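Any read-out appearing in this document is the output of simple, stated calculations on the displayed coordinates, not a laboratory observation. Remember, predicted model here, so these are calculated numbers, not experimental data. We place every Cβ from the backbone using ideal geometry, glycine too, and count neighbours over all the protein chains shown.
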Amino acid sequence: MDTVLKEWIGRVHDAVETQQTLCIRGGGSKDFYGGNPAGPVLDTTAYRGIVAYEPTELVVVARAGTPLAELEALLAEKGQCLPFEPPHFGAGRATVGGMVAAGLSGPRRAAVGAVRDYVLGVKLIDGKGEWLSFGGQVMKNVAGYDVPRLMAGSLGTLGVVAEVALKVLPVPVAERTLRFALGEAEALKKLNAWGGQPLPIAASAWHDGALTVRLMGARAAVDAAQAALGGEPVADAAAFWQGVRDQTHAFFAGDGPLWRLSVASVTPPLGIPGPTLIEWGGALRWLRGDQGAEQVRSAAARAGGHATLFRGGDAIKASAGVFHPLSPALLRIHANLKRAFDPHGVFNRGRMYPDF
């Protein structure tokens with residue numbers, strides 16, 4: 001076993017004996033997300049590198065500390081990509097392990113799926129300091145947990161992910177971005193109508209009276225879709241979508257509260273005051289402002305969704321928490337998972353919810 005892994009296992013054993021919490025951390029590009037990191041840092045960046053890459057099999061295996069930019073550059077050389085477009089949120093600091101732990105997907109998520117849909121296997125250290133491996137043809141352990149998917153979005157609360165096997169896809173042959181002058185309600189209607197048609201829509205973003213749509217796929221399909229939809233071609237499309245993905249777009253500027261609302265795509269405008277940016281065909285609504293947790297979460301709940309305080313708003317975070325309160329049934333599931341993987345509460349305690 002690698003000396004770095006032996007050191008990590010030793011750190012976990014020591015934390016169990018001293019009843020200490022460890023802060024699992026990669027590049028730190030997503031430290032803002034979730035509860036405040038606490039405890040001594042277990043830095044994963046030293047465990048890096050591509051373990052295996054089979055372009056013909058569309059599978060890559062990378063260590064957790066591998067820079068995300070490094071992995072994406074390798075895939076690009078072979079005309080392949082991580083289709084869910086994980087955000088980086090920091091110049092060169094994002095890591096493969098952090099990508100999985102955060103479970104965040106970019107503009108193409110509605111068209112191709114989320115991070116968890118591309119995690120084929122993981123190797124990890126659990127809260128007892130045991131080295132575990134999941135993946136390959138057997139996707140579940142004996143307890144019935146789909147462990148690779150569980151790790152996606154767990155924010156390091158279930159284990160130290162050391163290695164990840166990922167499915168990748170070819171870069172689409174053709175791409176085009178169109179823009180339409182539409183109000184929020186009309187844009188949502190258009191997006192849902194287009195969603196029911198065989199159109200190669202790979203991403204969408206509405207903000208401030210403008211709906212931007214990205215088409216990706218076979219050249220003939222993209223050409224036909226552009227002819228059918230109309231709109232104005234966007235010249236700086238790559239910069240625009242990267243700005244949305246990494247939140248360098250002007251909408252995301254500032255230190256005020258940024259809310260992330262997940263609702264059904266057919267949900268009409270929520271009527272909450274404040275600047276809004278809408279992605280994923282209407283299913284993801286970003287909201288800026290000091291509306292307060294009660295107003296935002298009530299509106300999301302009425303629409304059958306949930307609201308996360310994505311960044312900013314320290315006072316709101318302290319009083320109402322980052323994530324939407326769980327129902328008693330879901331809370332029990334989360335607690336049971338925490339006990340199964342981290343019975344001593346070693347990993348990232350409080351990062352998701354106060355008790356775990």
Just name one of Gly183, Ala283, Phe252: the one whose Cα is farthest towards the positive end of the charge dipole of the range 174-319 (beta-carbon charges, Lys/Arg +1, Asp/Glu -1). Ala283
What is the spin-label model distance, in nm, from Arg219 to Ala329 if the labels are put 7 Å beyond Cα along the C-beta direction? 5.2
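Please arrange Ile272, Ile278 by counting, for each residue, the other beta carbons lying within 10 Å of its beta carbon, fewest first.
Starting with the residue having the fewest Cβ neighbours, the order is Ile272, Ile278.
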My understanding is that a pair violates if its Cα-Cα distance is over 22 Å; which of Lys123/Lys317; Lys123/Lys338; Lys128/Lys338; Lys30/Lys189; Lys167/Lys338; Lys78/Lys167 do that in this structure? Lys123/Lys317; Lys30/Lys189; Lys167/Lys338
Let me know the charge dipole size of the range 283-332 about its Cα centre in debye, to the nearest 20, where only the beta-carbon of Lys, Arg (+1) and Asp, Glu (-1) is charged. 160
Could you work out the percent of alpha carbon pairs in the chain separated by over 38 Å, rounded to a whole number? 18
For the range 53-138, list log₁₀ I(q)/I(0) at each q in 0.10, 0.19, 0.21, 0.26 Å⁻¹, using the Debye formula over Cα point scatterers of equal strength and ignoring solvent, two decimals each. -0.26, -0.95, -1.14, -1.52
Have a look at Pro233, Ser298, Leu215 and report the one farthest towards the positive end of the charge dipole of the chain, computed about the Cα centre with Cβ charges (Lys/Arg +1, Asp/Glu -1). Ser298
How would Ser29, Ser319, Ser154 line up from fewest to most surrounding beta-carbon atoms within 10 angstrom? Ser319, Ser29, Ser154
So how far, in whole Å, is the C-alpha centre of the range 260-324 from the one of the range 86-133? 23
How far is helix 219-229 tilted off the main Cα axis of the chain, in degrees rounded to 10, range 0 to 90? 60
For the chain, calculated [θ]222 nm from helices alone, where every DSSP H run of n ≥ 4 adds -39500 (n - 2.57): -8500 deg cm²/dmol
Contact order relative to length of the chain, as percent, for alpha carbon pairs under 8 angstrom and 6 or more apart: 19
Gyration tensor (Cα) of the range 269-337, equivalent ellipsoid semi-axes in angstrom: 22, 16, 11
Taking only Cα atoms of the range 174-319, radius of gyration then Dmax in Å: 15.9, 53
Charges on Cβ only, +1 for Lys and Arg, -1 for Asp and Glu, centred on the Cα centroid of the chain; of Leu337, Ala38, Ile9, which one is farthest towards the dipole's positive end? Leu337
The range 59-141: GluC sites (Glu not before Pro) in DSSP coil with no more than 13 other Cβ atoms inside 10 Å: Glu130
With 10 angstrom as the radius, rank His344, His13, His88 by how many other C-beta atoms surround their C-beta, starting from the fewest. His13, His344, His88
